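**Q** The following block contains the structure, expressed as structure tokens.
The values are calculated or read from the model by the stated rules, or taken from the named source; none is laboratory data. Note that the structure is predicted; figures quoted are calculated from it, not measured. Because the Cβ atoms are built from the backbone with ideal geometry, glycine has one as well, and the counts that use them run over all protein chains shown. Just so you know, the surface numbers come from the protein's heavy atoms only, side chains and all, with ligands and any DNA or RNA stripped out. Shrake-Rupley method; radii C 1.70, N 1.55, O 1.52, S 1.80 Å.
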2 protein chains.
Amino acid sequence: MRNIVLTGFMGTGKTEVGRKLATSLGMKMIDTDQLIEKEAKRPIHEIFGEEGEAHFRKLERSMIQKVVKERNAIIAVGGGAISDAENLKALQKNGFIVCLEASPGIIRSRVSGSKRPMLKGSSLTKRIRKLLDLRKASYRKADVTIDTSTKTFGEISNQIVAMVSENVMEQVRVKLPQNSYDIKIGSGILSRIGEELSGLGIKGKVAVITHPRIGKLYGRIVSLSLKKAGFQVKTLLVPDGERYKTLLTANRLYDALIKNRFERSSCLIALGGGVIGDLVGYTAATFLRGISFCQIPTSLVAQVDASIGGKTAVNHPMGKNLIGVFHQPRLVFIDTQVLLTLSNREFQSGLAEVIKYGVINDARFFEFLERRMPEILKLDDQILRRAIIRSCEIKAKVVSEDERESGWRLILNYGHTFGHALEAVGGYKRFLHGEAVAMGMLKAARMSQRLGLCGETVVKRQEALIRRAKLPISLPKFRSADILRHMKVDKKVVGGAIHFVLASRIGKVSASCL
Amino acid sequence: MRNIVLTGFMGTGKTEVGRKLATSLGMKMIDTDQLIEKEAKRPIHEIFGEEGEAHFRKLERSMIQKVVKERNAIIAVGGGAISDAENLKALQKNGFIVCLEASPGIIRSRVSGSKRPMLKGSSLTKRIRKLLDLRKASYRKADVTIDTSTKTFGEISNQIVAMVSENVMEQVRVKLPQNSYDIKIGSGILSRIGEELSGLGIKGKVAVITHPRIGKLYGRIVSLSLKKAGFQVKTLLVPDGERYKTLLTANRLYDALIKNRFERSSCLIALGGGVIGDLVGYTAATFLRGISFCQIPTSLVAQVDASIGGKTAVNHPMGKNLIGVFHQPRLVFIDTQVLLTLSNREFQSGLAEVIKYGVINDARFFEFLERRMPEILKLDDQILRRAIIRSCEIKAKVVSEDERESGWRLILNYGHTFGHALEAVGGYKRFLHGEAVAMGMLKAARMSQRLGLCGETVVKRQEALIRRAKLPISLPKFRSADILRHMKVDKKVVGGAIHFVLASRIGKVSASCL
């Protein structure tokens, strides 16, 4: 997570609030004043007295340059720190800046009797007012300001947790030889899409492409934000459902784009789940030999998987995603608040992909999910966001190393060889994608055990976690010939052989050809 | 052009044949024995006598390493040179190796009385026989062998010119950040496509996609070559004509590929003109998120333009090529002999693009075309091939520097803004692409003159050359509103403004926005 930087006038409670925050968010606490004292081996009022303010500011500046390299930290900095433009810039880069305020009277009562060097001299209240005036302009540069005059430190800390959740955008980079891009993740950030796109240098025409249902929920907030940022916005609706992810629907979108004079520099926005993302990505990839697009995934499965990595596709009567291209989005913009409007079944389906990331690449993340599944199911904002961020990080890492799925990226298909076939046999109606993947993962786990690649625990732990995520663990009755037939037209077939991804332990899988 | 290396036993006429070849092909003549003598400042028989054969072979090896860096050269090397594996490898890399033979009796009569060091000692004929035996194995490594016993040097030279034309493949590299590839150009090389594809590491299933008419002419030779190289070959026919370059036809191809179990590692071959190239490229780009494909262009316009650079597309009812992606071929394989079956009108249409390369990037090439147009129109193999190679080189250079047409590549659109609109207004029936481009170039030239960018000569020279290529120079009557309407849905529109490429002189153009 990004750092939280606490600043503000002396006596506003930075250290105390910082400690509370550190405990409740599980982050480490750093106090630059304390570190400076420790390094200089004497208190700050002595540094001021003996070497003057300029020298102290020098020490402070170098300490700030040091601590901003931390992540997941609460950083309390002295009241004068952000008056310095360089300090401010360094702290903002990877931190959310909270300024604590209080009335001069309250500050006076809190600091009287202390040895604070800046308050030496004439009448205390007068001096406080004067300093507050001087610093007013720089305090305004904080991301948020909180008046602490009448609140307990616990209340202030809670307020910051809420604000951070709303405002902090986490950023995960998908690094590619060409066309690298960011995944931005936050809560309640939809209204900021306009400025984000604009910040990427995109301008002119954008089309927000969505289903009627999603459009009704989020179309307006997205369009307004885009218009405010100066875009010409066109909203295009496509019918909901995998069966409309076809060349025919793409063709209707081409018609609309041509009619509305969309150009190579225009941008498409996929606002919806995986179906919308695939379809819009495919349309962007193939219109005028490729225009830019942005993903705003609204389902959990799209947020942690489908929207990242540039796989775009439409379906063919003979199989899912058989027509497609790799085309990377310019931005993946994830607002976790939109998950609140998903049905339980849809949300749980997405958890299959989240669990998958633990199995294929991160045993500690798998343990985190084992411990925190109840909170995730309750959509606890902090915990759920952490699960989404970690999933995005793993997906981004794998995609960065193998953009075109020529090798390592295949591990993302864990549970998918069987899962895809199961979806197809169920006519893409009986199971949601994640449900089929959950069953596919169990199938792959059992196959791994039977082949002696892993022990029973590896199977049992997956089964238990899938069950706790309220996903199906028992396979329905199907004719194996049907399953096999569908596996054989999968894209993963090489030289007629079917590829499986098998687990050797939690956190480690590899692709095999059977 | 690749070098021609002449080797063979003493007395087979290497030097004499070399001189004839140099004159008739306009290439320079290099004789390694002469160069060695010049550098050592004494004749070879003295080097042999004083320092022994091993020392001479050392001098020869270093001389060969030096001369193979030449291009467009006839290189005569001593009879023993290619017995050395290192020499052979160096000479083969960029050269076509011709071995001259003669009977021992003829050799004896040609060399008796000379100071050749290898023949010192016992009975001459016996010594010749023994040496011939020793060298037999290395002489077999030449690309071709010619018996010179009963021929004049002129006859031998003519025979080599014919052989070189048939066998030498010129190679032009399209250098890209990812997916660089070669354009290979030769005469009568279709039967070598199998080994070429195989040499790229492609294997398994290939589909030769072509029209019935082209398939009848060249389908068999291509398929046979592919089968001989171990490929499983499927031929797919699509109807001829721009109006079939649609999503619907692409969809039929997907059906066939899925039915025939094509996989990600399979390869498509576009055997035909620009329409086939665009359609097959688009299908390859979008099938299973991109499989490899190879271009075998059979029209002049496809050979010098459409097949190079990875632009693939299908048409939309509202405009040509509006649906497409960039997808680079693995190989562009150009057999100039197939041009013999084009109609005059089709062939001349291709010349518009050839002339375009002169205007946009190479004044000397433009002059070459001014001088050699009559021979080109007669399909003179040498001259025409030179024009094609130079066109491919310019296209490759431009594409290499700007794969996605974000800047410089736009210069390739010289004559095309207006040309495309003209094609559209004529319903894609009235004009061939090159005819429309020829008129478009004149329009662009006149516009450049009117804007004061170039003088009248620049217009007149283009007009004269276009006329000499038997291409249309007078514009048909159309309503300008129709033309303008079509220009406005072109892919080259940016911010509602139409882009033109304008000429400042022959060999120099730049893109402008009007």
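**Q** Restricting everything to alpha-carbon atoms, can you work out Rg to Rh for the stretch A:302-445 with a Kirkwood hydrodynamic radius?
**A** The Rg/Rh ratio comes out at 0.94.
**Q** Would you mind giving the three semi-axes, in whole Å and largest first, of the ellipsoid equivalent to the stretch B:226-373 according to its Cα gyration tensor?
**A** Whole-Å semi-axes of the equivalent ellipsoid: 29, 17, 14.
**Q** For chain A, take the longest principal axis of its alpha carbons; what is the angle in degrees between that and the long axis of helix A:381-401, to the nearest 10 within 0 to 90?
**A** It works out to around 60 degrees.
**Q** Further question: In square nanometres and to one decimal, what's the mean projected area of the convex hull around the Cα atoms of the stretch A:422-476?
**A** Orientation-averaged projected area of the Cα hull: 3.7 nm².
**Q** Sticking with this one: If I fit a long axis through the Cα atoms of helix B:416-425 and take the longest principal axis of the Cα atoms of chain B, what angle between them do I get, 0 to 90°, rounded to 10?
**A** So the inclination is approximately 60 degrees.
**Q** For peptide B:239-250, compute the average count of partner chain beta-carbon atoms within 10 Å of each residue's beta-carbon.
**A** Whole-number average of other-chain Cβ neighbours for B:239-250 is 1.
**Q** For chain A, what is the accessible area per residue in Å², given a 1.4 Å probe and the full set of protein chains?
**A** That works out to 42 Å² per residue.
**Q** From Cα pairs below 8 angstrom and at least 6 apart in sequence, can you work out the relative contact order of the stretch B:334-432, rounded to a whole percent?
**A** Here the relative contact order equals 25 percent.
**Q** Which value, in Å to one decimal place, does the Kirkwood hydrodynamic radius take for the stretch B:14-91 when every pair of different Cα atoms is included?
**A** Over the stretch B:14-91, the inverse of the mean reciprocal pair distance is 13.0 Å.
**Q** From the Cα trace of the stretch B:36-166, what convex hull volume per residue do you get, rounded to a whole Å³?
**A** Looking at the stretch B:36-166, the number lands at 125 Å³ per residue.
**Q** Filter A:488/B:184; B:89/B:175; B:93/B:205 down to the pairs with a C-alpha to C-alpha distance above 28 Å, please.
**A** With Cα atoms farther than 28 Å apart: A:488/B:184; B:93/B:205.
**Q** Between residue B:256 and residue A:457, what FRET efficiency comes out of the Förster formula 1/(1 + (r/R0)^6) with R0 = 51 Å and r the beta carbon distance, rounded to 0.05?
**A** Rounded to the nearest 0.05, the efficiency is 0.60.
**Q** Okay, next question. Please list, short to long, the whole-number percent of alpha-carbon pairs of the protein assembly as shown in consecutive 20 angstrom bins beginning at zero.
**A** 11, 31, 29, 21, 7, 1, 0
**Q** Taking R0 as 60 Å, what FRET efficiency do you get between residue A:163 and residue B:92 from their Cβ-Cβ distance, rounded to the nearest 0.05?
**A** Step by step, r from the Cβ atoms, then E = 0.25.
**Q** What residues in the stretch A:271-292 lose 40 Å² or more of accessible surface when the other protein chains are added to their chain alone (1.4 Å probe)?
**A** A:286, A:288, A:289
**Q** Counting other Cβ atoms within 10 Å of each Cβ, which trypsin sites (Lys or Arg not before Pro) in the stretch A:228-312 have at most 15 and sit in a DSSP loop?
**A** A:261
**Q** With a 1.4 Å probe on protein heavy atoms only, work out how much accessible surface B and A bury together, total over both chains, in Å² to the nearest 100.
**A** 3300
**Q** Counting other Cβ atoms within 10 Å, keep those with at most 14, restrict to DSSP loop, and tell me which chymotrypsin sites (Phe, Trp or Tyr not before Pro) in the stretch A:236-332 are left.
**A** none
**Q** Do you know the relative contact order of the stretch A:192-265, to the nearest whole percent, from alpha carbon pairs under 8 angstrom that are 6+ apart?
**A** Averaging sequence separation for qualifying contacts and normalising by length gives 37 percent for the stretch A:192-265.
**Q** Using just the helices of the protein assembly as shown, give the 222 nm mean residue ellipticity in deg cm²/dmol: DSSP H runs with n ≥ 4 each add -39,500 (n - 2.57), and the total is spread over all residues, rounded to 500.
**A** Taking each H run of at least 4 residues, the total per residue is -14500 deg cm²/dmol.
**Q** Related question: Give me the percent relative contact order of the stretch A:281-386, please, defined on Cα pairs under 8 angstrom at least 6 residues apart.
**A** 25
**Q** Between residue A:134 and residue A:401, how high is the FRET efficiency from 1/(1 + (r/R0)^6) when r is the Cβ-Cβ distance and R₀ = 51 Å? Nearest 0.05.
**A** With R0 = 51 Å, the Cβ-Cβ based efficiency is 0.50.
**Q** Using only the Cα atoms of chain B, construct the convex hull and provide its projected area averaged over every direction, in square nanometres to one decimal.
**A** Mean orientational projected area (chain B, Cα hull): 26.7 nm².
**Q** Sticking with this structure for a sec: Starting from the amide H of residue A:173, placed 1.01 Å from N in the peptide plane, find each other amide H under 5 Å away whose residue is 5 or more places distant or on another chain.
**A** Correct list: A:183.
**Q** Which of the listed residues, B:208, B:163, B:134, is farthest toward the dipole's positive end in the stretch B:118-221, when Lys, Arg count +1 and Asp, Glu count -1 at the beta-carbon?
**A** B:134
**Q** Give the distance, in whole Å, between the Cα centre of the stretch A:209-232 and the Cα centre of the stretch B:49-81.
**A** Result: 74 Å between the Cα centres.
**Q** Taking the Cα centre of the protein assembly as shown as origin and charging only Cβ (+1 Lys, Arg; -1 Asp, Glu), how large is the dipole, in debye to the nearest 20?
**A** 600
**Q** I'd like the carbon and sulfur percentage of the solvent accessible area for the stretch B:155-292, probe radius 1.4 Å, heavy atoms only, ligands and nucleic acids excluded.
**A** Roughly 49 percent of what the probe reaches on the stretch B:155-292 is carbon or sulfur.
**Q** Return the carbon/sulfur percentage of the accessible area of the stretch A:298-342, one whole number, probe 1.4 Å, all protein chains in place.
**A** That share works out to 57 percent.
**Q** Below 12 angstrom from the Cβ of residue A:74, what's the summed charge of the other residues (Lys, Arg +1; Asp, Glu -1)?
**A** Cβ neighbours under 12 Å give a net charge of +3.
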